[in-house]
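In what follows, a structure is listed as structure tokens, so that the remarks can point back to it.
The values are calculated or read from the model by the stated rules, or taken from the named source; none is laboratory data. Remember, predicted model here, so these are calculated numbers, not experimental data. Neighbour counts are summed over all protein chains in view; Cβ atoms, including those assigned to glycine, are modelled from backbone coordinates with ideal geometry.
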Amino acid sequence: AQSVTQPDIHITVSEGASLELRCNYSYGATPYLFWYVQSPGQGLQLLLKYFSGDTLVQGIKGFEAEFKRSQSSFNLRKPSVHWSDAAEYFCAVGANFGNEKLTFGTGTRLTIIP
Amino acid sequence: DAGVTQSPTHLIKTRGQQVTLRCSPKSGHDTVSWYQQALGQGPQFIFQYYEEEERQRGNFPDRFSGHQFPNYSSELNVNALLLGDSALYLCASSPDLSGNTIYFGEGSWLTVV
């Protein structure tokens with residue numbers, strides 16, 4: 001069975017500082033990996049996804065993520081955070097192509113301080 | 001082009017009652033999935049509908065049921081509500097079963113008292 005671990009429940013960074021959110025997954029085959037962001041009281045917005053090819057994936061809002069098969073990781077990064085980035089971030093893994101079921105991690109809450 | 005729309009946005013029900021939540025997928029999308037997100041948790045997969053049939057189901061009891069209509073819209077029904085059913089219910093749609101492009105709605109907040 002697939003699973004996702006986001007080891008950091010809450011992260012606080014200063015505005016303008018760099019950010020890295022960690023995600024580790026467990027899945028037997030090639031995973032389909034996603035990062036979503038959720039603002040308070042809102043639904044999920046897709047930041048980026050990895051299906052195959054280049055292991056460094058660019059997303060919206062200046063985010064990027066790197067797939068490392070050897071470490072079973074898909075960490076999300078941003079070189080300089082903005083106050084508007086404060087939100088909950090979820091990593092998710094999908095199963096075989098043709099299967100839409102996503103398994104989510106428990107999320108990382110990002111707080112930005114001035 | 002409207003995205004995934006869900007209704008109602010908020011509702012309060014009493015323990016033991018039944019609730020129906022509705023979802024209209026993004027235009028051109030024929031696959032709908034439902035997720036439950038309890039407070040402070042990540043979304044949990046409930047089930048998926050494609051061509052009006054339930055294709056996959058997560059680890060949820062039979063009190064949770066659904067339906068997909070010919071226009072691809074979908075309903076989630078929960079019977080005999082428990083306090084633990086209080087959560088945000090998210091609908092997701094995609095243009096096929098590939099999972100390539102999945103869009104989520106804003107969700108329906110259900111509070112059971």
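What to note about this one:
- Identity of the residue in segment A:1-16, surrounded by 14 or more Cβ atoms within 10 Å (Cβ to Cβ) and either of a type in the set (S, T, N, Q) or part of a loop (DSSP other than H, G, I, E, B) (or both), that ends up nearest to the other protein chains (Cβ to nearest Cβ): A:Q6
- In the condition set (1) over 13 Å from the mean Cα position of the chain (by Cα); (2) within 12 Å of another protein chain (Cβ to nearest Cβ); (3) without any contact (Cβ under 8 Å) to a residue 24 or more places away in the chain, A:T30 is compliant with all but (2).
- Elements of type strands (runs of 3 or more DSSP E) in chain B, at least 3 residues being under 30 Å from A:S52 (Cα atoms): B:31-37, B:44-50, B:53-57, B:87-94
- Segment A:84-103, residues that are modelled with pLDDT of 95 or more and aromatic (F, W, Y): A:Y89, A:F90
- When B:Q17 is tested against (1) more than 8 Å from every other protein chain (Cβ to nearest Cβ); (2) out of contact with any Gly (no Cβ under 9 Å at 6 or more places or on another chain); (3) surrounded by 15 or more Cβ atoms within 10 Å (Cβ to Cβ), just one condition goes unmet, and that condition is (3).
- For segment B:43-65, the count of residues that are more than 14 Å from the chain's Cα centre (by Cα), at pLDDT 95 or above and among the hydroxyl-bearing types (S, T, Y) is zero.
Here is a yes/no grid of residues against (1) surrounded by 13 or more Cβ atoms within 10 Å (Cβ to Cβ); (2) hydroxyl-bearing (S, T, Y); (3) free of Cβ contacts under 8 Å to residues at least 12 places away in the same chain; (4) within 30 Å of B:T5 (Cβ to Cβ):
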residue: A:S18; (1), (2), (3), (4): no, yes, no, no
residue: A:N24; (1), (2), (3), (4): yes, no, no, no
residue: A:L46; (1), (2), (3), (4): yes, no, no, yes
residue: A:Y50; (1), (2), (3), (4): yes, yes, no, yes
residue: A:E88; (1), (2), (3), (4): yes, no, no, yes
residue: A:A92; (1), (2), (3), (4): yes, no, no, yes
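- Residue, surrounded by the most Cβ atoms within 10 Å (Cβ to Cβ), within segment B:21-33, restricted to residues that are away from every other protein chain (no Cβ under 11 Å) and under 18 Å from B:R57 (Cβ atoms): B:C23
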